[in-house]
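Here, each number is a calculation from the coordinates, and none is a lab measurement. The shown structure was predicted, so the numbers you read here are calculated from the model rather than taken from an experiment. Using ideal geometry, Cβ is built from the backbone for each residue, glycine included, and neighbour counts are taken over all protein chains shown.
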Amino acid sequence: MPNRQQTVRIPSVAPSRHNLVWREDDFNATLFRSSPRHPQFMGRYDEASRGVCWPSDGGRITRVRTSTWEGAQALYFDFRLNDDLRVQINPSRELLLTFCLGGKVQGQVGSEDGASLEFRVDRALLRTPNAAGGYLIRIPGGCRNHFVQFRLRRELLPLWLRSLGVRLPWRQLDELTARDDGHVLCNAALTPRVRSCLERIRDEPVGDPAFVPLFQARSMELLTCVLLDIERLLQRRRSGVEDDAPAAQLAAVRIRALVAAQPARAWTVADLAQRVGVSSARLQQLVRSASGTSVYRLVMTERLEIAARLLRETHLGIQGVASEAGWECHGRFTAAFRAHTGLSPSEYRLRHGG
């Protein structure tokens, strides 16, 4: 299967026959506009139509698909939607292995009443196919949601494990290859080598044309490490991430508050670590656990959110907004803001300003 990368801008106009349809064979799903009472049907993919209709409010999605080994597909998704989205994934026959790189994706097995799925940063979520109804996934709008997912043909799994010299107890192997009830096999903290592979994918520049071959190599490496560590992951091991959760959230909140109070200050990791009361290395670990990103990225995101609020709520000029949010260079601010929101500052103000 050839490597494929595609970034599609979702128009913010009314649907018609000529727009809002992305021909895509990766999504075997029904898409709905999120609404607690009246979910609006937005589009459907099946073998006949091979099309997906996206929400009319706009957004952006980057998708890379590649084949690692025979019977294994790796997919990278990066969602920036302006509206919440519900995705009903139809039943399949493949194991689903998901790594959340960032965002607030949620889900249930089958439907609203099904068991909850936790998509957590720095966890490996492995689940069996749900023949009774697939999965319901909620993707929130207004923030970046990105993840890596593998779809694995179960009948080939024993062969892969044997080729790597990995032996599993027959009960675990039977669960991997025979269950089809949407059972969560593990939602485990990452092993060190799996974490290292995932970090390399997270740090690659998605907009670079070289990302496609890089993702193919990184995803093959990641799947190999997962299979080598599969027994440890299936034991539902925890690496202390849960114990760190309160401290991690507190550190992230403290950093956002410091940046919000002085957005134009040239904050360093050492400055922030001193204010929070931990070492620089510890602060990086806590922030990564809480938000799935680095301290630098968290600071940058907070400053961009401040800029967005100023564009919505004040009449400051673009240069004034940039200065208030901590940018001296107008061009760099515009580039960073466009990468964050998909719009230039002036376009954002026209669309969202009061």
Could you rank the peptides 72-83, 320-331 by their average count of other C-beta atoms within 10 Å per residue, with the highest value first?
72-83, 320-331
Can you grab the distance from the C-alpha centre of segment 299-354 to the C-alpha centre of segment 102-142, Å, no decimals?
33 Å
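Let a ≥ b ≥ c be the square roots of the eigenvalues of the Cα gyration tensor of segment 299-354; is it rounded (a/c under 1.5), or, if not, prolate (a/b larger than b/c) or oblate? Provide the component values of the computation, followed by the final result.
Working: a/c = 1.41, a/b = 1.21, b/c = 1.16.
Rounded, since a/c falls under 1.5.
Please compute the Kirkwood hydrodynamic radius of segment 201-347 from all pairs of different C-alpha atoms, in Å with one decimal.
Numbers: mean 1/r = 0.0565 Å⁻¹.
Here the Kirkwood hydrodynamic radius works out to 17.7 Å.
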First select every other residue whose beta carbon is under 10 angstrom from the beta carbon of Leu283; then total the charges, Lys and Arg +1, Asp and Glu -1.
+4
